[in-house]
1. Would you kindly state how much longer the chain becomes between Asp266 and Thr5 on full extension, computed as 0.36 nm times their sequence separation minus their alpha carbon distance, in nm to one decimal?
2. What are the residues whose amide H is under 5 Å from the amide H of His13, where those residues sit 5 or more places off or on another chain and H is modelled from the backbone?
3. How much area per residue is accessible in the range 188-317 when the probe is 1.4 Å and only protein heavy atoms are counted (Å²)?
4. May I ask you to compute the full-extension gain from Phe82 to Leu279, defined as 0.36 nm times their residue separation minus their alpha-carbon distance, rounded to one decimal in nm?
5. Set the Förster distance to 41 Å, then compute FRET efficiency between Asp104 and Lys75 from the Cβ-Cβ distance, nearest 0.05.
6. May I ask for the percentage of alpha-carbon pairs in the range 3-79 that lie more than 16 Å from each other?
7. Rounded, prolate or oblate: pick one for the range 245-317, where a ≥ b ≥ c are the square roots of the eigenvalues of its C-alpha gyration tensor, a/c under 1.5 means rounded, and failing that, prolate if a/b is larger than b/c, else oblate.
8. Tally Lys and Arg at +1 and Asp and Glu at -1 over the other residues with C-beta under 9 Å from the C-beta of Asp59: what net charge comes out?
Amino acid sequence: MASKTTNYGLNKHSPQDFYNVEARNENWDKIDEALAATDPTKITAKAAPADGDGVMIADSADGGKAKRLLWSNVKAALGKLFVPLARKINGKALAKDVTLTGDDIAMGADDAETLRAAMAKRLRYDDNLGLKIKLKAHKSLEYMSFDSGEETDLNYSGGCLALPGWRSGPWGMQLRYDMRWNTLFTRRYFNEGSEWDDWVRLATCMPPEVHELPLAAGWARFDATCRYYKTQESIVIVSIAARTTQSFRVSAALATLPEGFRPAADLEVPAIFKSSRRLVTIKATADGNLFVDLTDQSGVAITSDDYFFATFAFAAT
């Protein structure tokens, strides 16, 4: 007795059936129709896919079986890799390369002014900073003495930039790079440039210049360098590692600091001799002299070859 196949309904014959030409031809017609539906040269073209349309894939997770994938799912997968054409940048569609100009870019989320409009307001080299200040004729404002604020031949080399508080420039600041000092200076101006603050030197990352500290007679360096230096904030650091080469009972001159590295007033710092455990005071005077004064065991001398370490700091005059 004849039966049908599961998927395409092809005629199947049992051994006792006679050969049926019509049934065989019906099978060939069904096969031809199924093959034509998958032949790219035979199927009808469609201009745009719909979400319900599908494409055939071989499912690698299921032994390569043929599966139908909806176009809606294809779009969702591609949307994770590419920017959808439906999106825009500043109202410009992404159908092609987009060129943004200063007219397209706002200055901020809360500032709708365009970049082009903002740049048109920038200060140019010949803009007027106020009633009395002009960058083209700024020489008289550039070479000002750091100390007195009066016009001098300070250097005549370096660059100077005036930055107004607003475009009309009644107040603002001046920034100068000076070749002699190899650093930046700044100062403020007021009332259209008729009043100025003193120049202020800006701190840099340059390390301070370190100097050897010569010791007085009766002293020698002990296993380290005796030195002093001054930071950009005018803080003097003195580091001493010294030993005695002769004994003393009350006080002994140790060294002398040069001008510019001296305290505004006398100061004292404690120290201790390492061998004898004797307590002493290091005194630095306003004229730069350093002394070692004994502070215990009055009348008992410090013997030669004893040593101490001391480091102290103070604001220079």
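The values are calculated or read from the model by the stated rules, or taken from the named source; none is laboratory data. On a predicted model such as this, the values are computed, not experimentally measured, just so you know. Glycine also receives a Cβ, built like all others from the backbone with ideal geometry; neighbour counts cover every protein chain displayed. Quick note on the areas: whole protein, heavy atoms, side chains included, nothing else; ligands and nucleic acids left out. Shrake-Rupley method; radii C 1.70, N 1.55, O 1.52, S 1.80 Å.
1. Working: separation 261, 0.36 × 261 = 93.96 nm, distance 11.48 nm.
Length gained between Asp266 and Thr5: 82.5 nm.
2. Ser3
3. Numbers: 7260 Å² over 130 residues.
With the other protein chains kept in place, the range 188-317 gives 56 Å² per residue.
4. Values: separation 197, 0.36 × 197 = 70.92 nm, distance 7.91 nm.
Full extension from Phe82 to Leu279 adds 63.0 nm.
5. Numbers: r = 29 Å, r/R0 = 0.71.
Approximately 0.90, to the nearest 0.05.
6. Working: 2018 of 2926 pairs.
So the portion of pairs separated by more than 16 Å is 69 percent.
7. Values: a/c = 2.24, a/b = 2.12, b/c = 1.06.
It is prolate, given that a/c is not under 1.5 and a/b is the larger ratio.
8. Working: positive: Lys65, Lys67; negative: Asp62.
That sum, taken over residues with Cβ under 9 Å, equals +1.
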